[in-house]
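One structure is given here, and the rest of the page talks about it.
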Amino acid sequence: MDQVIVPVPHEIQEIIAELSKICDGERLVEVLSKARRYLGGGANPAMDQEIAEFNRTHYTPFLRFLVAQMGPQWFDFLTSDRMGLWDSFFLEGPADQAFLVLMDSLVRTGPCVRLDRCVHVLEKFLQNGALAEVIWEVCQQQLEATPTPILHEAILSKICSLPDHVANCLQKHTKEVFFPKNYYPRVGNAILCVLKMVSVSLRDGKGCSISFVSQLLGKVCMQGRHRELFSVLVPRLTTLVQSDCIWQRICWRLIESVPDRWMEPVVTGLVQMADGPATLSKLLGDLVLKNKKAQFLLTQKMLFLQYGTKRETLQNILGYLSMEKSCRPLLVKALKELLEVWSSSSVVKHSPYPQLLYLSRSIFISLNLLNKEETEGCKQEILFALTSGTRLYLDSSLPPVRCLGMVVAECLSRYMEPGGPSLSFQYQEDEEIKDLKALLTPPSICAVNPEGAKESSQSIIQPSKIDNKQSGEPKADTGSDSEVDSDDDLTPYDMSADTELRKDKIPAYIRDCLEALLSNDVEKLEGTMTSLSSLIRSNPSATKEVSAELVKILLHLEDCPGVENFTQLRYAAMVSVTVIDPIPVSQYITGEFYALNYSLRQRMDILDILVAAAQELSESVNPKKGEAPEKVTHDLQSTRSTHGNLNGDASADWRKIVEERIANKTRRFAKSQKATTPASTPNRFHAVVGHFFFPLIQNYDKPVVTFDLLGEDRLILGRLVHTLGILMHLALNAMAASQMGKALLEFVWVLRFHTDPFVRQGLLFCVSTILLSVPWERLMTDMSEEVLEMKCWLADAAETDADDHCRRLALNALLLMEKLRSNLQPPTSEPLC
């Protein structure tokens, strides 16, 4: 009899209904074997039309049903030898659907038998190489008339982030196969398998799409896994594209199809992993001409911005541009731009030394790759670099920068006039300079024999010797008289204790110091900075005449590495001039704190100077002339550790030493104690406190182009808050203390919920200084509502603030507030508990 054909949907519904209520292990195996025929297995496989309908419509819902039913009961029914039947539904069907079901099950399932089984099947799925089948099926689906981009995007996301998903589910119990170092090389092998299928398909005359493979490559590289991926792809692809034009087309199309948003990590990874420019050229082809993003990366960003790139990577980039004739104009253009940037005064002034060294390496490699005609076309740029750029480097105060300018100038002069006269400098070579000179003949790029390379390297690198006859210097006599007159047998004089005589004179007048500070003479500047602080304090009247101009010069004075302790000397001088003439100086520097074009370091210097000057002005005894200002708080010491006692440990007065010795050796039967009361002097800070405090608190909420206190410059905001708290503390018993406290309390109330704990710590510190500096009666009279609101905020901060230090500060402020309130209340008014 003919077999009765049952519709696929009806039979699948019957199988699901029976599996839902099954209670027998043998029957469970029979029903699963019956359903397995739709996978094409078993003794009675289904017809091709039925298998296609099952895969298209019923496969994913059936897998989800199997996952939902897998529990302790099924785990007992399906013993270890039968569990493979359940696994086969995931390993023998359409790989893309099975992969999505397994990944969704991991996310939706907690720790249980079901999760363990899904992880086990996923492990076997990867070990069987089914990941390549997933990618290939997506590539085939993209050729259909109605592709499903949402589904493909989900598969792409799951493949790229599989280790993260598994780690989130398994935590510390993740298996090694899911580790990124093991998983992403497996993805690379899957990509190679798919590319081999593409190669076979193209040889058979069939169309194929590899855009999904390109997307997968780009997204994995974007996630920072290019090393694991390219460690598998680059060696294998390099071998395959050697002599096979089809593989060359596949590789070039693979890179070209990467979306622009992921092009940078792909190109960067290939440049870093390629073992030479020739390999990179075979992998990329003429990508630099076809793709604008790749051209920008290889000729702009990686040459001018990413100066942390290794030397080998730089050789790969420039060597790749020189491999193809069509790309060589880009190499010439890149060299011209490199010379222009290298000769820019702004670059020399503001760029760090590693970036300047990187630019010099790029220039050396590019010059070595150009032929004679291309070098002739760059002579104008080379001449400009020699005339203008070299001067900038030689004028630099940094010895490494000056040495770098000399080396590059020597090289450029030799390329400017080959075989003619060239520049020659005297400098000390270190490892970096030797490595830089070695780039003139890199064996990985230049096809030159070793002997010729050595000779050319010596002819370019070694400085030319000046003929004695042309220089007019007499030749040394090498005869016997020189040997007789030799002084080698004389004992050298001990000069170890000698000190170098200073040629410069220390200025005697303040106005002479202004001129010395603006000069480029390092020795003169050092002498001026050493004596400037004591000179300011010993000549207060002369200082007041030029105080504003002097502090302006000091504030804008750049660091001079040639002057020892330059930063400390500059700080001491600015504090001294602020103490001598506080009103105009404080008005100037507080106004400059919110001005344009100041660095964060300069703004922090302003705050430190104001605090140190306020501390010295508030002292009851005037400091001695020439004495360096002391620090006021522990917080300021921690943030400004470079400033200390500038004059060192001064020797004790000899009279005091003599008197102490006499007192120790004198025997007395009775000695009256004399009450030593220091002479009282007016607090000089109270008269000028408003000039220090109020300008700083006025414009904090007005963003400037280069300065945004309420935005990214939160470090400066925290320092400002602490500075205001210190000034408030130093204003104790001042007439303006109440007004300052009210303004500071409003300032604190605006910023009380700031996200930075350093800022919140400063705000709580300000609250404590307000309570200590402003009388409690004035607080309760003028600011009673604000004080009550502040108390509620302090109580909330003491309980809920995320920072431990903030909680302690809030609790201390609450205790201080309670103590002040209880001290003012009469004993009878206290409620009985």
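The values are calculated or read from the model by the stated rules, or taken from the named source; none is laboratory data. None of the values given here were measured: they were computed from a predicted structure. Cβ: placed from backbone, ideal geometry, glycine included. Neighbour counts: every protein chain shown. Each accessible area value is taken on the protein alone, full model and side chains, heavy atoms only, with ligands, DNA and RNA left out. Shrake-Rupley method; radii C 1.70, N 1.55, O 1.52, S 1.80 Å.
For residues that are among the basic types (Lys, Arg) and out of contact with any Lys or Arg (no Cβ under 7 Å at 6 or more places or on another chain), scanning just the stretch 353-382, find the one that is farthest from Gln306 (Cα to Cα). Break it down into steps so the answer makes sense when it comes.
Kept after step one, since they are among the basic types (Lys, Arg), are these residues of the stretch 353-382: 361, 372, 379.
Right, trim to out of contact with any Lys or Arg (no Cβ under 7 Å at 6 or more places or on another chain) and you get 372, 379.
Details: Lys372: 29, Lys379: 27 Å.
Of everything passing the filter in the stretch 353-382, Lys372 is farthest from Gln306 (Cα to Cα).
Looking at Val166, Val200, Val213 in this structure, which one is hydrophobic (A, V, I, L, M, F, W, C), in contact with a Leu (Cβ under 7 Å, 6 or more places away or on another chain), in a helix (DSSP H, G or I) and more than 20 Å from Phe230 (Cβ to Cβ)? If you could, list the steps in order and put the result at the bottom.
Details: Val200 fails: in contact with a Leu (Cβ under 7 Å, 6 or more places away or on another chain); Val213 fails: more than 20 Å from Phe230 (Cβ to Cβ).
After applying the criteria, what remains is Val166.
Test of understanding: among Val194, Val166, which residue is modelled with pLDDT under 90 and either among the small types (Gly, Ala, Ser) or buried (at least 16 other Cβ atoms within 10 Å of the Cβ) (or both)? I'd like the intermediate steps shown before the answer.
Details: Val194 fails: modelled with pLDDT under 90.
Sole residue among the options that is modelled with pLDDT under 90 and either among the small types (Gly, Ala, Ser) or buried (at least 16 other Cβ atoms within 10 Å of the Cβ) (or both): Val166.
With a cut-off of at least 2 residues that are open to solvent by less than 50 Å² (accessible area, probe 1.4 Å) and either in contact with a Phe, Trp or Tyr (Cβ under 8 Å, 6 or more places away or on another chain) or modelled with pLDDT of 75 or more (or both), name the helices (runs of 4 or more DSSP H) lying wholly within the stretch 63-122.
Working: elements: 72-77, 83-91, 95-108.
Ranges flagged: 83-91, 95-108.
Which residues, taken from the stretch 683-705, are open to solvent by less than 20 Å² (accessible area, probe 1.4 Å), of a type outside the set (A, V, I, L, M) and assigned to a loop (DSSP other than H, G, I, E, B)?
The one that is open to solvent by less than 20 Å² (accessible area, probe 1.4 Å), of a type outside the set (A, V, I, L, M) and assigned to a loop (DSSP other than H, G, I, E, B): Phe685.
Let me confirm something: among Leu404, Leu436, Leu412, Leu440, which residue is outside any helix (DSSP H, G or I) and open to solvent by less than 30 Å² (accessible area, probe 1.4 Å)?
Numbers: Leu404 fails: outside any helix (DSSP H, G or I); Leu436 fails: outside any helix (DSSP H, G or I); Leu412 fails: outside any helix (DSSP H, G or I).
Within the list Leu404, Leu436, Leu412, Leu440, the selection yields Leu440.
Please find, among Phe212, Phe178, the residue that is among the hydrophobic types (A, V, I, L, M, F, W, C) and either loosely packed, with under 15 Cβ neighbours inside 10 Å or modelled with pLDDT of 90 or more (or both). Step through it out loud before you land on a result.
Numbers: Phe178 fails: either loosely packed, with under 15 Cβ neighbours inside 10 Å or modelled with pLDDT of 90 or more (or both).
Unique residue meeting the criteria: Phe212.
Would you check if Tyr588 is assigned to a helix (DSSP H, G or I) and open to solvent by less than 30 Å² (accessible area, probe 1.4 Å)?
Numbers: assigned to a helix (DSSP H, G or I): yes; open to solvent by less than 30 Å² (accessible area, probe 1.4 Å): no.
Answer is no for this residue.
Could you tell me how many of the residues in the stretch 345-359 are surrounded by fewer than 17 Cβ atoms within 10 Å (Cβ to Cβ) and either touching a Phe, Trp or Tyr at 6+ places or on another chain (Cβ under 7 Å) or assigned to a loop (DSSP other than H, G, I, E, B) (or both)? Explain how you work it out, then say what you get.
Of all residues in the stretch 345-359, those surrounded by fewer than 17 Cβ atoms within 10 Å (Cβ to Cβ) come to 345-346, 349-350, 352-354.
Applying the additional criterion that residues be either touching a Phe, Trp or Tyr at 6+ places or on another chain (Cβ under 7 Å) or assigned to a loop (DSSP other than H, G, I, E, B) (or both) yields 352, 354.
Summing the residues that are surrounded by fewer than 17 Cβ atoms within 10 Å (Cβ to Cβ) and either touching a Phe, Trp or Tyr at 6+ places or on another chain (Cβ under 7 Å) or assigned to a loop (DSSP other than H, G, I, E, B) (or both) in the stretch 345-359 gives 2.
Could you tell me which numbered condition His805 fails, if it satisfies all but one of (1) at pLDDT 85 or above; (2) within 29 Å of the chain's Cα centre (by Cα); (3) farther than 20 Å from Leu600 by Cβ; (4) not in a loop (DSSP other than H, G, I, E, B)?
All conditions pass for His805, except number (1).
Quick check on the stretch 192-234: of everything there that is among the aliphatic types (A, V, I, L, M) and in contact with a Lys or Arg (Cβ under 7 Å, 6 or more places away or on another chain), which residue is nearest to Glu264 (Cα to Cα)?
Within the stretch 192-234, the match that is nearest to Glu264 (Cα to Cα) is Ile210.
Of a type outside the set (Ser, Thr, Tyr) and touching a Cys at 6+ places or on another chain (Cβ under 8 Å): which single residue out of Leu143, Leu151 fits that description?
Within the list Leu143, Leu151, the selection yields Leu143.
Filter the stretch 545-581 for residues that are among the hydroxyl-bearing types (Ser, Thr, Tyr) and surrounded by 21 or more Cβ atoms within 10 Å (Cβ to Cβ) and give the result.
We begin by selecting, within the stretch 545-581, every residue among the hydroxyl-bearing types (Ser, Thr, Tyr); these are 547, 567, 571, 576, 578.
Correct list: Ser547, Tyr571, Ser576, Thr578.
Which of the residues belonging to the stretch 786-802 are hydrophobic (A, V, I, L, M, F, W, C), open to solvent by 80 Å² or more (accessible area, probe 1.4 Å) and part of a helix (DSSP H, G or I)? Quick ask: steps written out before the conclusion?
Kept after step one, since they are hydrophobic (A, V, I, L, M, F, W, C), are these residues of the stretch 786-802: 787-788, 790, 792-795, 797-798, 802.
Imposing the further condition that a residue be open to solvent by 80 Å² or more (accessible area, probe 1.4 Å) reduces the set to 788, 792, 802.
Leu788, Cys792, listed by residue number.
Please indicate, with yes or no, whether at least one residue in the stretch 360-373 is over 24 Å from Gly269 (Cβ atoms), out of contact with any Pro (no Cβ under 6 Å at 6 or more places or on another chain), open to solvent by 70 Å² or more (accessible area, probe 1.4 Å) and among the basic types (Lys, Arg).
Let us first name the residues in the stretch 360-373 that are over 24 Å from Gly269 (Cβ atoms), namely 360, 363-364, 367-368, 370-373.
The next check asks that each one be out of contact with any Pro (no Cβ under 6 Å at 6 or more places or on another chain); those that pass are 360, 363-364, 367-368, 370-373.
With open to solvent by 70 Å² or more (accessible area, probe 1.4 Å) added as a condition, the list becomes 372-373.
Applying the additional criterion that residues be among the basic types (Lys, Arg) yields 372.
Checked the stretch 360-373: at least one residue is over 24 Å from Gly269 (Cβ atoms), out of contact with any Pro (no Cβ under 6 Å at 6 or more places or on another chain), open to solvent by 70 Å² or more (accessible area, probe 1.4 Å) and among the basic types (Lys, Arg).
Consider only pairs whose beta carbons are under 7 Å apart and that are at least six residues apart or on different chains; among these, list those whose first residue lies in the stretch 395-418 and is among the basic types (Lys, Arg) and whose second residue is open to solvent by 30 Å² or more (accessible area, probe 1.4 Å).
Arg402/Leu394; Arg414/Ser422; Arg414/Ile460
Please enumerate the residues belonging to the stretch 234-268 that are of a type in the set (Ser, Thr, Tyr) and surrounded by fewer than 16 Cβ atoms within 10 Å (Cβ to Cβ). Write out each step before concluding.
Pass one, the stretch 234-268, residues of a type in the set (Ser, Thr, Tyr): 238-239, 243, 257, 268.
Result: Thr239, Ser243.
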